[in-house]
Structures are given as C-alpha cells and as structure tokens.
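The values are calculated or read from the model by the stated rules, or taken from the named source; none is laboratory data. No experiment lies behind these values; they were computed from the predicted model shown. In this analysis, Cβ positions are derived from the backbone assuming ideal geometry, glycine residues included, and neighbour counts consider all displayed protein chains. Please note that ligands, DNA and RNA were not included when accessible areas were found on the heavy atoms of the full protein model with its side chains. Shrake-Rupley method; radii C 1.70, N 1.55, O 1.52, S 1.80 Å.
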Amino acid sequence: MKKNPCANCRVRRLSPRQRKKQRVAEFQELSFEVDLVFANPMTGEPYDDFLGALSSFLDTRGLLAGGFGGRLPLLETGGIVAHAERGSATEEDIAAVVEWLRVRPEIKDAKASHLFDAWYGYESKAA
C-alpha cells in the first residue's frame, strides 16, 4: 500500500526542503477542473482556433491547461487548469476562466470544480 504523502504525521517529520520537493504542506499547489459543452460539434480548424484562444487567455493569467480533447467531433470536453509556474490557481482564476468561456460563442455551458491538490488530490469522475 502506497503511503499518503500528505498525512499530517508524515509531513511533520519532513524538512522544509523535503516538503517543497514533495509539494506538501505550505508548498501545496492547487488546480481546478473545467467542463465544457459546445454549442455545435467542434472539429478541425475551429476547434484548433478555440484552443489557441484559450491557451492565450490562460497564458495572460499565468495558467496552463491539460486535457480538452476526445473523439472528434466534440460536443463536450474537459480538462485541468493549473498555475504555469510553482504556485496555485485561485478562486479569482476560476471565476475569470469560467466568465471568459461563457462569453465565447462556441460554448453552450462551462463549469469549473473547486480547487484541489494538483499533485495528490485529483479524483477521477469514473471512481
């Protein structure tokens, strides 16, 4: 059985260097998940243009995205958004990303999850 790196008794024994290396305690990094529903099936160049615009927007906020794919044509997709450097996404980042997505003509609906530990806290929807 794998040890939980975030267990309090274990974290207390770690030096600051070890906590930073393992990204726990005060060095924890938070991210969030985004789910999109497109107004029309997306494929090819329109989808590539949308991803480029999303990437540019996230870059201005210092964020990165992963996922956002699937079998084409896409009616819905989802992905993870996290801070590009060391650090955490914030509630303001969630609000800005969802607001930006909802004003896009390609998007019918956009939802974001709560912040969770980017390294140890992801729980698959299938679980």
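Across every pair of non-identical alpha carbons in segment 71-122, the mean reciprocal distance, once inverted, gives a Kirkwood radius of 12.7 Å. In sequence order, segment 75-87 has phi-based couplings of 9, 8, 7, x, x, 10, 10, 9, 5, 6, 9, 4, x Hz under the Karplus curve 6.51 cos²θ - 1.76 cosθ + 1.60, θ = phi - 60°, and Gly or Pro positions carry x. Using only alpha carbons, segment 23-107 has a radius of gyration to Kirkwood radius ratio (Rg to Rh) of 1.00.
For residue 107, the accessible area of its heavy atoms, probed at 1.4 Å with every protein chain present, is near 10 square angstrom.
Could you tally the net charge around residue 107, taking each other residue with its Cβ under 15 Å from the Cβ of residue 107, Lys/Arg +1 and Asp/Glu -1? Before the final figure, lay out each step's value.
Details: positive: 102, 104, 108, 111; negative: 35, 49, 76, 99, 106, 109.
Neighbour charge sum, excluding residue 107 itself: -2.
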